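Here the structure is laid out as structure tokens; the discussion comes afterwards.
Only the coordinates and a few stated rules stand behind these numbers; no lab work does. Keep in mind the model is a prediction, meaning the values are calculated, not measured. Note that each Cβ is placed from the backbone with ideal geometry, even for glycine, and that neighbours are counted across all protein chains shown.
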């Protein structure tokens with residue numbers, strides 16, 4: 001799409017070019033473009049990535065800088081594309097995009113957008129405060145976006161549940177129709193599984209300490225627990241049960257995602273949009289479906305973690321011995337508190353994340369990309385709150401999984417009563433310290449591996 005360049009356009013392009021040309025040499029380097037993006041409150045990593053993407057599109061002669069002609073050529077094409085999108089969104093053709101038009105646009109992208117979120121996003125673009133966006137505001141906001149559409153606005157804030165903290169997060173991520181059609185979602189799931197495997201392996205010693213303290217309820221320091229485990233079975237014993245924990249990632253993720261997509265289509269009232277409550281319901285049921293399918297592996301993981309050296313030859317031997325001595329029903333011991341724990345975890349995790357997201361957007365108007373640290377912080381805080389609420393149920397589940405038949409037969413309520421009677425209410429939080437200690441390294445490792453794995457998959461496939 002081409003258009004006539006007016007004298008006013010030329011002056012505007014020249015002023016913009018000069019502003020980007022920091023050292024006044026008549027050329028724009030990639031670093032100068034990144035610096036300009038940083039001044040627009042974009043995070044450092046995103047600024048660099050955006051600059052490289054834009055630079056690659058503009059730099060037609062493949063030299064190390066951009067001249068004015070290349071810059072003008074790019075801006076003309078980019079603004080033409082932006083104008084095309086703007087006109088498509090402006091349904092009533094009044095020259096402005098209002099709140100309802102923005103919500104309708106997101107419905108077509110199959111992305112959940114609450115009224116509060118739509119208002120928050122509109123405020124980021126709207127500079128004169130009239131709760132609508134004219135062409136000038138639209139163009140200014142997306143001036144240095146490598147894309148010519150506005151999907152990236154919510155893509156930053158779409159909760160990435162690929163970031164693994166070692167717990168069964170219950171609400172799968174949302175993917176656009178374009179991502180589903182192109183197969184991009186598969187890359188995200190594979191990268192998430194790889195990140196989860198690495199993250200869980202790195203934090204496995206703390207996870208085993210947590211399980212040991214949950215099962216035995218001893219008031220023991222993390223350092224002493226690690227020392228005793230090494231003394232009993234050597235350094236290698238710190239990773240006992242981790243193999244099962246890693247192996248179950250792939251089937252659990254695949255089942256959860258497939259179930260979520262199916263359940264979502266069945267319960268959503270609007271075929272073009274899923275509400276927050278509907279997303280919570282579908283996500284919780286999908287999590288329950290996945291947990292039901294792989295739950296025997298959860299029991300095996302716990303039993304391996306608390307086992308003595310030499311008690312089991314491996315995952316399969318533990319499974320067979322459990323069935324042989326206690327019957328197949330033992331593989332679903334602790335199932336009820338596990339399923340019940342999904343509800344407080346998912347509800348609190350989702351609501352806290354949404355609250356933090358809205359608070360950040362209101363506190364930082366005009367910031368389209370919150371940056372990695374903000375996203376990780378919000379995700380970590382919301383997940384931690386979810387864990388705090390559901391932890392007593394998780395502890396009872398673990399106790400039942402490891403308990404012999406004569407103890408487990410009394411059930412969930414009796415187990416909880418015995419814990420409180422013996423150790424008080426604080427006993428329901430035994431092992432929570434190592435559990436929280438592994439959250440930050442788990443999130444950090446998972447994010448780094450996820451991004452690298454996604455890049456490799458994108459480059460190779």
Would you list 323, 194 from fewest to most Cβ contacts within 10 Å?
-> 323, 194
When the Cα atoms of the stretch 177-460 are enclosed in a convex hull and the volume is divided per residue, what value in Å³ results?
-> 159 Å³
Using alpha-carbon pairs under 8 Å, 6+ residues apart, how would you state the relative contact order of the stretch 395-461 in percent?
-> 23 percent
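Once the Cβ-Cβ distance between residue 140 and residue 265 is put in as r, and R0 is 51 Å, what FRET efficiency do you end up with, to the nearest 0.05? Numbers along the way, then the final one.
Values: r = 38 Å, r/R0 = 0.75.
After rounding, the FRET efficiency stands at 0.85.
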Average Cα contact separation per residue, the stretch 177-460, under 8 Å, 6 or more apart, as relative contact order % | 30 percent
Hey, rough spin-label estimate for residue 216 and residue 53, points 7 angstrom out along Cα→Cβ, what's it come to in nanometres?
-> 5.1 nm
Based on the Cβ-Cβ distance from residue 437 to residue 332, what FRET efficiency comes out when R0 is 45 Å, to the nearest 0.05?
-> 0.90
For the stretch 320-393, what is the Kirkwood estimate of the hydrodynamic radius, computed as the reciprocal of the mean inverse distance between distinct Cα atoms, to one decimal in Å?
-> 14.8 Å
Give me the number: length gained by fully extending residue 15 to residue 316, i.e. 0.36 nm times residue separation minus the C-alpha to C-alpha distance, one decimal in nm.
-> 101.5 nm
Between the modelled labels at residue 372 and residue 87 (7 Å from Cα along Cα→Cβ) the distance in nm is 4.0 nm
Compute the convex hull volume of the Cα atoms of the stretch 383-422, divide it by the residue count, and report the result per residue in Å³ as a whole number.
-> 69 Å³
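If r is the Cβ-Cβ distance from residue 247 to residue 184 and R0 is 25 Å, what FRET efficiency results, to the nearest 0.05?
According to the calculation, E is roughly 0.45.
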Can you put 230, 246 in order of Cβ neighbours within 10 angstrom, beginning with the fewest?
-> 230, 246
Under a point spin-label approximation (7 Å from Cα along Cα-to-Cβ), what is the residue 127-residue 422 distance to one decimal in nm?
-> 6.6 nm
Let me have the relative contact order for the stretch 267-330, percent, based on Cα pairs under 8 Å that are six or more residues apart.
-> 18 percent
Could you give the spread of the C-alpha atoms of the stretch 310-461 along their three principal axes, from largest to smallest, in whole angstroms?
-> 61, 44, 22
